[in-house]
Amino acid sequence: MAVETPPPDYPETLACDGIGGRVVLAVTIGTDGRPSEILVKQRSGQPALDEAATAAVRGWVFRPATAAGKPTSTTIQVPVNFTPPQPRPDFCFVLDEERKRAGG
């Protein structure tokens, strides 16, 4: 069971461009409740989202599984969803202006 799960940092350019996705991670949780290994099982199609999900889950804390009353290591699947914010955050308009000035 997850105890502390702060959300991942959403890459600003993807959020502003309305790009989202879903990443599925295989997370091995150690006896201390912290992820000891994280593997991307299903990619989002956006490497920046995959990296953001992995970085966030690396800092999560779980209640470790138990066997015979003692903590044990286990692997679970963790989906991480990125849904573009609505309405668009104010910083997106600044990014739009910077892109215009840069010619893109």
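If Phe82 satisfies all but one of (1) closer than 18 Å to Val24 by Cα; (2) touching a helix residue (DSSP H, G or I) at 6+ places or on another chain (Cβ under 8 Å); (3) open to solvent by 80 Å² or more (accessible area, probe 1.4 Å), what's the number of the condition it fails?
For Phe82, the exception is condition (3).
So, Lys41, is that one open to solvent by 90 Å² or more (accessible area, probe 1.4 Å), outside any strand (DSSP E or B) and farther than 20 Å from Glu4 by Cα or not?
In short, no.
Let me spell it out: the conditions are (1) surrounded by 12 or more Cβ atoms within 10 Å (Cβ to Cβ); (2) of a type outside the set (A, V, I, L, M); (3) in a loop (DSSP other than H, G, I, E, B), and Pro6 meets all of them except one. Which number is the exception?
Of the numbered conditions (1) surrounded by 12 or more Cβ atoms within 10 Å (Cβ to Cβ); (2) of a type outside the set (A, V, I, L, M); (3) in a loop (DSSP other than H, G, I, E, B), the odd one out for Pro6 is (1).
If you go through the stretch 56-72, how many residues are open to solvent by less than 70 Å² (accessible area, probe 1.4 Å) and either of a type in the set (S, T, N, Q) or at pLDDT 95 or above (or both)?
Qualifying residue count, the stretch 56-72: 7.
I need the full set of residues from the stretch 56-71 which are farther than 24 Å from Ile19 by Cβ and either part of a loop (DSSP other than H, G, I, E, B) or of a type in the set (D, E, K, R) (or both), in order please.
Arg63, Pro64, Ala68, Gly69, Lys70 - these are the residues of the stretch 56-71 that are farther than 24 Å from Ile19 by Cβ and either part of a loop (DSSP other than H, G, I, E, B) or of a type in the set (D, E, K, R) (or both).
Can you pull out every residue in the stretch 85-99 that is part of a helix (DSSP H, G or I), open to solvent by 80 Å² or more (accessible area, probe 1.4 Å) and within 19 Å of Asp9 (Cβ to Cβ)?
Passing the criteria: Phe91, Val94.
Against the condition among the acidic types (Asp, Glu), surrounded by fewer than 17 Cβ atoms within 10 Å (Cβ to Cβ) and under 29 Å from Leu95 (Cα atoms), how does Asp32 come out, does it pass?
So Asp32 does not fit the description; no.
Here are some residues: Ala53, Ala26, Ala48, Ala15. Which one is aliphatic (A, V, I, L, M), surrounded by fewer than 16 Cβ atoms within 10 Å (Cβ to Cβ) and either outside any loop (DSSP other than H, G, I, E, B) or under 21 Å from the mean Cα position of the chain (by Cα) (or both)?
Ala26
The values are calculated or read from the model by the stated rules, or taken from the named source; none is laboratory data. Please read all numbers here as calculations on a predicted model, not as lab measurements. FYI the Cβ positions are ideal-geometry reconstructions off the backbone, even for glycines, and counts take in every protein chain you see. Just so you know, the surface numbers come from the protein's heavy atoms only, side chains and all, with ligands and any DNA or RNA stripped out. Shrake-Rupley method; radii C 1.70, N 1.55, O 1.52, S 1.80 Å.
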